[in-house]
Amino acid sequence: MKIKKTLQLVSIVWMLSCTSLLHAHDKEGHKHQEAISDEHQITHVMKAQFDRPDAPLKVHPVVVEDHFAVAGWFQGQKGGRALLVKEGDKWTISVCGGDGLREAKVLAQTGMSESVAQSLAAKVQAAEAKLSKAQLKQLSLFKGEMKVEPNQAHCHNSNSGHQK
């Protein structure tokens, strides 16, 4: 009888620890799924605005911090970065730019807190450290920063040539 109770107790402890591990894994999996979902949504938003049959848009890398994201874009020989803002469950392009969108001081000027700007800038720099020199040069082609109005259908400056 004592062995049976001990086995029951061991079984209960084992089930509880498995449940705990699964719950912890599920939380991490959910966070990872949200990040993938944000990246997918951001890519979709940018492609919906800028992708063209004669000039497909490539979006990479995409980094997210809080309800802000910076996404690199490549289109033919052109390139740049976009700052996106998430309102509710919808991402919208807020600013188009080049190297400035790698800097915390520039990001903070867009309305995010200093701590979010610093974290986002660090993530952008870490993600872009994995890119080739040619890709980094292409992301730098967009000069300055340009606010994108909600009804504006393109990011364009004379140096980037990026427009719809």
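Might you let me know whether region 129-139 holds any residue that is open to solvent by 50 Å² or more (accessible area, probe 1.4 Å), within 12 Å of the chain's Cα centre (by Cα) and in contact (Cβ under 8 Å) with a residue 24 or more places away in the chain?
no
Check region 146-160 and report whether any residue there is at pLDDT 95 or above, open to solvent by 70 Å² or more (accessible area, probe 1.4 Å) and among the charged types (D, E, K, R).
No, region 146-160 contains no residue that is at pLDDT 95 or above, open to solvent by 70 Å² or more (accessible area, probe 1.4 Å) and among the charged types (D, E, K, R).
Against the definition (at pLDDT below 95, under 28 Å from residue 141 (Cα atoms), outside any strand (DSSP E or B) and among the polar types (S, T, N, Q)), how does residue 8 come out, yes or no?
Answer is no for this residue.
If you take just the strands (runs of 3 or more DSSP E) that sit entirely in region 46-127, which of them hold at least 1 residues that are open to solvent by less than 50 Å² (accessible area, probe 1.4 Å) and of a type in the set (S, T, N, Q)?
68-75, 90-97
Given the conditions (1) touching a His at 6+ places or on another chain (Cβ under 8 Å); (2) closer than 11 Å to residue 65 by Cα, and given that residue 123 satisfies all but one, which numbered condition is not satisfied?
(1)
Here is a yes/no grid of residues against (1) within 18 Å of residue 148 (Cα to Cα); (2) modelled with pLDDT under 95:
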site: 19; (1), (2): no, yes
site: 36; (1), (2): no, yes
site: 52; (1), (2): no, yes
site: 65; (1), (2): no, no
site: 93; (1), (2): yes, no
site: 116; (1), (2): no, no
site: 125; (1), (2): no, no
site: 128; (1), (2): no, no
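The values are calculated or read from the model by the stated rules, or taken from the named source; none is laboratory data. All values derive from a computational prediction rather than experimental measurement. No Cβ is skipped: glycine too gets one built from the backbone with ideal geometry, and neighbour counts run over all protein chains shown. Heavy atoms of the whole protein, side chains included, go into the accessibility calculation; ligands, DNA and RNA do not. Shrake-Rupley method; radii C 1.70, N 1.55, O 1.52, S 1.80 Å.
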